[in-house]
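Notes follow the structure.
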Amino acid sequence: MNPRLNRWIPALVAAAGATIAVATLAMTRWVDASGKGDEDAKGFPAGLRKYDPLQRLELITYDWRARRAADRQTSVSSDLGLVLLDDPTIAELRTGRTLGTPVGPLWPRFVYGLVLRELRDQGAQGVAVDILLGDERPDHGTVPIEGYTNVLSDTFFAREAAASGNVILASLTNFPPAPPFRKSMLGDVALPHDVDGTARRVNAFADHVLMHPSIEAHARRQRLWILGVTNDAVLLQSPDSDDIVRWPINPDGSVRILRPNGALSAESVHVTNRVWHMGITLASLRLGLDLANARMEPGRILFPNTNGVITRILPVTPANQFFINWSTTTTNQTRIKIDGLNHLVLQALEREANPTNPVPAAWAGKLVVIGSTATGNNMADRGATPIAPVDYLVSTYINVTDSLLRQQFVHFPPAWVDYLIVLVAALLGSALTWRLRTVAASLTLTAIGVAWIWIAFRAFEYDRLWLPMAHPLFAGLALNHAAMLTYRSIFEQNERQRVRGIFSKIVSPNVVQELLKADRLSLGGARRELTVFFADVRGFTELTDRAQEAAEEHVRKTGLSGAEAEAYFEQQSTEVLQTVNLYLATIADVIKRHRGTLDKYIGDCVMAFWGAPTPNPRHAVDGVCAAVDAQQSMERLNVQRDEENVRREAENVRRATQGLPPLPPLARLALGTGINSGFMTVGLMGSDSHILNYTVFGREVNLAARLEGVSGRGRIIIGETTYKCLAEQLPKLAVRCIALEPVSPKGFRQPVPIYEVPWRDIGPEEIPELKPSANPPTTI
């Protein structure tokens, strides 16, 4: 592969990984915004939320942070309280111990009216009733209390709520309170659940489409029930008849109404009311917020007080939802005041019987939520929250109200910051994986991930700042780490094959393995301190001349001609080449055994060096020891050839009697060696498309080649730098070296000190670094 392309591929992999990471965050935000946090949202793209694992992970990490923050929070606002329709209250009402007569299982609304009266008498500042009153219930009968026996239960509740003036009734867009109860404030109680069924966020408000009050009042005056609305009529029915009465709707969406004074007017069938979340509405009673004049801005809602001064700023999503700052549960009585509904009913009845009794002040100034924690069917809304696997969701209003009172909101960084965090994480994942070794990169990225988790937890705990975790850690760090590891494994496998192809024949197998293990290889141009070795086979020219003369003599004597003569000449040339290759192979094997790098063959000369591609601080020692070993190996090879020549002489006598041509004697060859050490340039030279050679060049290389020229036959000549390295690292061999007269090689202005290394009387017993050939050549 083109090296230039190789340099760009990691950057392309990193860019692709970063793009994917940012795109996953964009997709999550788009899908989440379309679903508005509703677990039941369907269609495209909202229906994809259930298939987004990163969003699920992000929500899980949010729950971890919310639990930790709630655990470390010592208290909530002391102005809050819960009055609960709990199991003991139901038991008391059913047995009649509270009212003197059993009631239930449909709890008459006058019971809640008594609670509202008692809370009003005790000075509660605001009361939110988490009970849906979407229809009138005349079947609940009258109030079974002396003095009220002719008052309908619904009427009693409506009167008490209106008299209090601070009561908020639960409302849904498709199930608002019935007309008699609409004199009270309304609070939206819709509770969307995230894709995993957990309640984390709520709508800041909802626009409720309600029947026009004038139409409802007119229907009541006519003793008619409103059944519904079609495109062209309001449908009504008398309680005394099964007949449906149609009240025509005009083309402009209005109906004609006959006023009590006899006047006719036209009113729209529906009116749209903005209903704020019940917790926000309850908090507004304490804070004096002017909800009607709340201002919408991108990402937030500004709440002014009655003087127009902005006192609260609520962070919201594009769908005008906000995440609840969960601080408490319905069972945590150490943080909020909690009482059973039955207790307040008893207090109200006692004061009804004894008006002079002192009024308790337990609920004075409190913001109260009335809800249910009863365990019967459809008695209470239960579900998962970030701080509890199962809780009564009436706690939602307490936590929302507390959040506004204490100005503690869950908020987010701007969208561009989220994208930047993911982008930086992705680039870090790629860059560190490419630059560091695998284990080091994995540990470093793990440390970065842990640090980011710590930062995200701290930011939420102290400022309720929700920093993204799933996308930076998984789509950013982990995904790009894995992608770059995959590319590295492919790249490094190719690089190993390339290294093996370049070096397997010029260095020993153990050096090849070291190269493959190296994290980074410098195969370009590098300046290194090395030792270079030149060894020339002496006698090669004489060998070829003698072989040529002998072949010509044989052809002449035997009268060979044409193809036969040519075949004989080729046979002799092959034998000469085999002889030279035998000597050169012997030298090459010695170089590899001594951890050298075989550079090239230059005719009958071998060039090698030590100290690259793998560093070797003992490059001079290994080079000189290889030269000694090579001379001794050549000597052993010559001894074997002498023995073979003796055998051939005897064989030739027999061949002469048989008229066969004699076997030629095997030539003895010698070796002249020049070695020098110093700084040289080393690297790959050539072209990937043609011949590529890992070689060295420089002044010290030229000097080593010149020293080989003055070495003669069977001698090892080394330069001064090589000698100094021997004196420092292998003094036993250095003291045996013989200082010669300085020489003036071609191309060098000053004489050069040289030394001869004796090799004939040195063995591994004396100098262990000298290793004899383990397997002498068997072909001679």
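The values are calculated or read from the model by the stated rules, or taken from the named source; none is laboratory data. Everything quoted here is computed from the prediction, not taken from an experiment. Note that we place each Cβ from the backbone using ideal geometry, even for glycine, and neighbour counts take in every protein chain shown. Please note that ligands, DNA and RNA were not included when accessible areas were found on the heavy atoms of the full protein model with its side chains. Shrake-Rupley method; radii C 1.70, N 1.55, O 1.52, S 1.80 Å.
Descriptive notes on the structure:
- Pairs with Cβ under 6 Å, 6+ apart, first in segment 538-555 and closer than 27 Å to Ser711 by Cα, second open to solvent by 80 Å² or more (accessible area, probe 1.4 Å) and modelled with pLDDT of 80 or more: Arg538/Arg713
Let's see how each residue does on (1) touching a His at 6+ places or on another chain (Cβ under 9 Å); (2) within 24 Å of Ala178 (Cβ to Cβ):
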{"residue": "Arg221", "(1), (2)": "no, yes"}
{"residue": "Val229", "(1), (2)": "yes, yes"}
{"residue": "Leu235", "(1), (2)": "no, yes"}
{"residue": "Val269", "(1), (2)": "yes, yes"}
{"residue": "Asn273", "(1), (2)": "yes, yes"}
{"residue": "Trp276", "(1), (2)": "no, yes"}
{"residue": "Thr281", "(1), (2)": "no, yes"}
{"residue": "Ala294", "(1), (2)": "no, no"}
{"residue": "Glu297", "(1), (2)": "no, no"}
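- The residue that is most open to solvent (accessible area, probe 1.4 Å), counting only those in segment 225-254 that are in contact with a Pro (Cβ under 7 Å, 6 or more places away or on another chain) and either within 20 Å of Pro213 (Cβ to Cβ) or touching a residue at least 40 places away in the same chain (Cβ under 8 Å) (or both), is Trp225.
- Among residues of segment 698-712 that are without any contact (Cβ under 8 Å) to a residue 12 or more places away in the chain, none has a beta-carbon under 7 Å from a residue that is in a helix (DSSP H, G or I) and open to solvent by 10 Å² or more (accessible area, probe 1.4 Å) at least six positions away or on a different chain.
- Each residue in segment 86-102 was checked for being more than 19 Å from Glu352 (Cα to Cα) and open to solvent by less than 10 Å² (accessible area, probe 1.4 Å), and 1 pass.
- Members of segment 125-156 that are open to solvent by less than 10 Å² (accessible area, probe 1.4 Å), modelled with pLDDT of 90 or more and over 23 Å from Asp381 (Cα atoms): Phe156
- Residue list for segment 9-55, restricted to those being touching a Ser or Thr at 6+ places or on another chain (Cβ under 7 Å), farther than 12 Å from Ala475 by Cα, open to solvent by less than 30 Å² (accessible area, probe 1.4 Å) and at pLDDT 80 or above: Ala14
- Single condition Val390 does not satisfy, out of (1) surrounded by fewer than 17 Cβ atoms within 10 Å (Cβ to Cβ); (2) over 30 Å from Leu80 (Cα atoms); (3) of a type outside the set (S, T, N, Q): (2)
- Trp416 vs. criteria open to solvent by 60 Å² or more (accessible area, probe 1.4 Å) and aromatic (Phe, Trp, Tyr): yes
- Residue match in segment 371-379 (condition: at negative phi and open to solvent by 70 Å² or more (accessible area, probe 1.4 Å)): yes
- Leu114 assigned to a loop (DSSP other than H, G, I, E, B), closer than 21 Å to Gln347 by Cα and open to solvent by less than 40 Å² (accessible area, probe 1.4 Å): no
- Here Leu302 clears all of (1) within 27 Å of Ala415 (Cβ to Cβ); (2) crowded, with 17+ Cβ neighbours inside 10 Å except the condition numbered (2).
Residues are listed down the side, and each one gets a yes or a no for (1) assigned to a helix (DSSP H, G or I); (2) modelled with pLDDT under 95; (3) more than 46 Å from the chain's Cα centre (by Cα):
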| residue | (1), (2), (3) |
| --- | --- |
| Tyr601 | no, yes, yes |
| Ala612 | no, yes, no |
| Pro615 | no, yes, no |
| Asp629 | yes, yes, yes |
| Gln632 | yes, yes, yes |
| Glu635 | yes, yes, yes |
| Asn638 | yes, yes, yes |
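- Taken together, Gly279, Gly288, Gly340, Gly299 contain a single residue that is closer than 30 Å to Arg97 by Cα, touching a Ser or Thr at 6+ places or on another chain (Cβ under 9 Å) and not polar (S, T, N, Q), which is Gly340.
- Any pair with Cβ under 9 angstrom, 6 or more apart, that starts in segment 353-374 at a residue that is under 19 Å from Gly288 (Cβ atoms) and outside any strand (DSSP E or B) and ends at one that is acidic (Asp, Glu) and open to solvent by 20 Å² or more (accessible area, probe 1.4 Å): Gly365/Asp79; Lys366/Asp79
- The requirement of being of a type in the set (Lys, Arg), free of Cβ contacts under 8 Å to residues at least 60 places away in the same chain, assigned to a helix (DSSP H, G or I) and buried (at least 18 other Cβ atoms within 10 Å of the Cβ) is fulfilled nowhere in segment 161-183; no residue meets it.
- Whichever residue in segment 200-216 is open to solvent by 20 Å² or more (accessible area, probe 1.4 Å) and in contact with a strand residue (DSSP E or B) (Cβ under 7 Å, 6 or more places away or on another chain) and, among such residues, is farthest from Gln321 (Cα to Cα): Ser214
- When restricted to residues that are of a type in the set (Asp, Glu) and over 59 Å from the mean Cα position of the chain (by Cα), segment 693-738 contains 1.
- On inspection, Asp339 passes the criterion of being in contact (Cβ under 8 Å) with a residue 60 or more places away in the chain and touching a Phe, Trp or Tyr at 6+ places or on another chain (Cβ under 9 Å).
The rows are residues; the columns are (1) open to solvent by 70 Å² or more (accessible area, probe 1.4 Å); (2) at pLDDT below 80.
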{"site": "Gln513", "(1), (2)": "yes, yes"}
{"site": "Gly524", "(1), (2)": "no, yes"}
{"site": "Glu564", "(1), (2)": "yes, no"}
{"site": "Lys592", "(1), (2)": "no, no"}
{"site": "Cys605", "(1), (2)": "no, no"}
{"site": "Ala608", "(1), (2)": "no, no"}
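- Applying the set (1) more than 23 Å from Thr396 (Cα to Cα); (2) crowded, with 22+ Cβ neighbours inside 10 Å to Asp188 leaves exactly one unmet item: (1).
- Matching strands (runs of 3 or more DSSP E) fully within segment 643-751 where at least 2 residues are open to solvent by less than 30 Å² (accessible area, probe 1.4 Å) and either more than 21 Å from Ala535 (Cα to Cα) or touching a Lys or Arg at 6+ places or on another chain (Cβ under 6 Å) (or both): 670-686
- Out of Ala670, Ala705, one residue alone is closer than 17 Å to Val606 by Cα and either in contact with a Gly (Cβ under 6 Å, 6 or more places away or on another chain) or polar (S, T, N, Q) (or both). It is Ala670.
- Among residues of segment 529-562 being modelled with pLDDT under 85 and among the hydrophobic types (A, V, I, L, M, F, W, C), the one that is nearest to Val606 (Cα to Cα) is Phe540.
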